[in-house]
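The values are calculated or read from the model by the stated rules, or taken from the named source; none is laboratory data. Here the structure is a predicted model, which means the values were calculated and not measured. Because the Cβ atoms are built from the backbone with ideal geometry, glycine has one as well, and the counts that use them run over all protein chains shown. Just so you know, the surface numbers come from the protein's heavy atoms only, side chains and all, with ligands and any DNA or RNA stripped out. Shrake-Rupley method; radii C 1.70, N 1.55, O 1.52, S 1.80 Å.
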Amino acid sequence: MLTEEEKWSFDLHGFLVLKGVVSREDVKRMVELCDTWHALDDSKLPPPLRTYWDVNTKPTTPRSINNVPYADEVFQRLVLNREIMRVVLALTQNCPQLLSVALTRNTKESDDISFHGGFSGGIRNPANDYQAANGEVFATFLNAGVSLVDVPAGTGFVCVPGSHKSNFAKPDHVNIYDGPPTVANVSVNAGDAVLFTEALCHGARRWTLDEPRRTVFVRYSTSYASWSPGYGPIEQHRDKLSEEVYELLQMAAHQHRKRVVDRLLAEMDEQ
């Protein structure tokens, strides 16, 4: 499902840019929901939406609202997006699990995000495995950053290309504001997605525009990952999910093929 050029590029850099994968209508809907929810205090968010931390205690940390597929079907469409799933299926050998979906808002007052992931502190997280062999590429932990606004050069997502394969810790002096060839700043438009392995050293530069940066981060892993028991569907809100999204959120045995995967593969094969 990946072209030879995509395999080459992902293996070389650790990420792919998928252009225009989300419709204008869905982008508009997600922007509306983003602005509505981020205007609310944590206590007013519709269950089971929650933030990672209290915005009042960390006012300059970009606010991120999790569990958004439970609140609107536009996010359920996003996690099953055909083009995103084409890449996710290929990289997980058709055994994906949806881990989380977070709706993040950055403003000019928000902090930047320093480098993380990759070979951090001289230790590689074993959950973030990456391999390439026999003409295929494989990753255990993936992140699709879907932009809901145009992101100009000089802001937004940055990474150290190729660091997902590094065996050495990043030098302390290398930071998110360095330039190429060591650091890449990826400029995208609304509806584009940057899909990367969490083994990649990545971060985000400070947002400089008056209009907030709005991003949906959709995280997937291999469905048999032993390190993900804390993830999975929220059973008390099961009725808010489609059958396919509910299944995608579940862990599964090694090499078990989920029904939603069979359906996606059949549709892709027909095309």
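Looking at this structure, is Val87 open to solvent by less than 70 Å² (accessible area, probe 1.4 Å), in contact (Cβ under 8 Å) with a residue 12 or more places away in the chain and in contact with a Pro (Cβ under 7 Å, 6 or more places away or on another chain)? So Val87 does not fit the description; no.
Criterion applied to Leu12, Leu16 was being farther than 19 Å from Arg105 by Cβ, hydrophobic (A, V, I, L, M, F, W, C) and assigned to a helix (DSSP H, G or I), and the one residue passing it is Leu12.
With respect to the conditions (1) surrounded by 20 or more Cβ atoms within 10 Å (Cβ to Cβ); (2) within 19 Å of Thr215 (Cβ to Cβ); (3) touching a Phe, Trp or Tyr at 6+ places or on another chain (Cβ under 9 Å), Asn128 falls short on a single one, namely (2).
Number of residues in segment 46-103 that are farther than 18 Å from Glu235 by Cβ, outside any helix (DSSP H, G or I) and hydrophobic (A, V, I, L, M, F, W, C): the value is 7.
In the set (1) out of contact with any His (no Cβ under 7 Å at 6 or more places or on another chain); (2) modelled with pLDDT of 95 or more, the condition left unmet by Asp41 is number (2).
Arg24 meets all of the listed conditions (1) over 26 Å from Gly232 (Cβ atoms); (2) at pLDDT below 95 but one, namely (2).
Residue check: is Val245 within 29 Å of Val149 (Cα to Cα) and open to solvent by less than 40 Å² (accessible area, probe 1.4 Å)? For Val245, the condition - within 29 Å of Val149 (Cα to Cα) and open to solvent by less than 40 Å² (accessible area, probe 1.4 Å) - is met. In segment 4-48, the qualifying residues are those that are open to solvent by 70 Å² or more (accessible area, probe 1.4 Å) and polar (S, T, N, Q), and the one that is farthest from Val158 (Cα to Cα) is Ser43. Just one of the listed residues (Tyr231, Tyr224) is farther than 24 Å from Asp11 by Cβ, open to solvent by 50 Å² or more (accessible area, probe 1.4 Å) and touching a residue at least 12 places away in the same chain (Cβ under 8 Å), and it is Tyr231. Note on segment 158-187: residues that are outside any loop (DSSP other than H, G, I, E, B) and open to solvent by less than 10 Å² (accessible area, probe 1.4 Å) total 3. Kindly establish whether Thr60 is surrounded by fewer than 16 Cβ atoms within 10 Å (Cβ to Cβ), touching an Asp or Glu at 6+ places or on another chain (Cβ under 6 Å) and more than 24 Å from Gln255 (Cα to Cα). In short, yes. Within segment 3-24, residues that are of a type in the set (A, V, I, L, M) have Cβ atoms under 6 Å from residues that are part of a loop (DSSP other than H, G, I, E, B) in these pairs: Val21/Asn81; Val22/Gly191, counting only partners at least 6 apart in sequence or on another chain.
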